[in-house]
1. Counting only residues that are farther than 16 Å from Gly17 by Cβ and loosely packed, with under 15 Cβ neighbours inside 10 Å, how many does segment 89-102 have?
2. Residues to consider are Ser87, Ser50; find the one that is at negative phi, among the polar types (S, T, N, Q) and modelled with pLDDT of 90 or more.
3. What's the number of the condition Glu75 fails, among (1) assigned to a loop (DSSP other than H, G, I, E, B); (2) in contact with a strand residue (DSSP E or B) (Cβ under 8 Å, 6 or more places away or on another chain); (3) free of Cβ contacts under 8 Å to residues at least 24 places away in the same chain?
4. Kindly establish whether Ala16 is aliphatic (A, V, I, L, M), assigned to a loop (DSSP other than H, G, I, E, B) and open to solvent by 70 Å² or more (accessible area, probe 1.4 Å).
5. Kindly establish whether Ser111 is open to solvent by 40 Å² or more (accessible area, probe 1.4 Å), hydroxyl-bearing (Ser, Thr, Tyr) and at pLDDT 90 or above.
6. Anything in segment 65-92 that is under 21 Å from Gln44 (Cβ atoms) and of a type outside the set (Asp, Glu)? List them, or say none.
7. So, in segment 78-87, of the ones that are out of contact with any strand residue (DSSP E or B) (no Cβ under 6 Å at 6 or more places or on another chain), closer than 16 Å to Val38 by Cβ and not small (Gly, Ala, Ser), which residue ends up least open to solvent (accessible area, probe 1.4 Å)?
8. Sort out which residues of segment 22-47 are part of a loop (DSSP other than H, G, I, E, B) and crowded, with 17+ Cβ neighbours inside 10 Å, and write them in order of number.
Amino acid sequence: MSSLNVAISATMLALAGISPQVSRLRLRPIQSGQNTAVVVKPVQTEVGESDMAGLPVEYGSQIGIECYGRATAAETTDVVVDSLAESVIARLLADPTLGGAVSHLRFVGASYDFDIDAEATGCATLIFIARHRTAGTHF
């Protein structure tokens, strides 16, 4: 398994239980009967330079974490989305190595989209950069 896949899997594991739906695929943002969902996906990977062939290579991989929220009787869409996004950030930054799967995880920004499915659903996409190393030239 590539170190990027290890980083994605470790991120998903760290977020287990934060929402009833934590996945890597977004077939439908939120399943019926749920008001939150989290989708973890790779966005982009940049390779660092290595001084000598065969030595470990460091990568900086952007990981996008889509935090979906649907309005409830008690909370508006923006409140549900913000609460979920805050929980995701707090959970991941509590252990920025993801249990040793990456050398460091850093939060770098967020974007928002509301009423994405005409069902009072919104999404905050959080961007993290994971620093990870591999032996050789593959990620």
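The values are calculated or read from the model by the stated rules, or taken from the named source; none is laboratory data. Since the model is a prediction, treat every value here as computed from it, not as a measurement. So basically every Cβ, Gly included, is an ideal-geometry build from the backbone, and we count neighbours across all protein chains shown. Remember, those area values only see protein heavy atoms, side chains included, never the ligands or the DNA or RNA. Shrake-Rupley method; radii C 1.70, N 1.55, O 1.52, S 1.80 Å.
1. Count: 3.
2. Criteria check complete, one pass: Ser87.
3. Looking at each condition in turn, Glu75 falls short on (2).
4. In short, no.
5. Yes.
6. Residues satisfying the conditions are Ile65, Cys67, Ala85, Val88, Ile89, Leu92.
7. Per the stated criteria, the residue is Asp82.
8. If the condition is that a residue be part of a loop (DSSP other than H, G, I, E, B) and crowded, with 17+ Cβ neighbours inside 10 Å, then Pro29, Ile30, Asn35 are the ones that fit.
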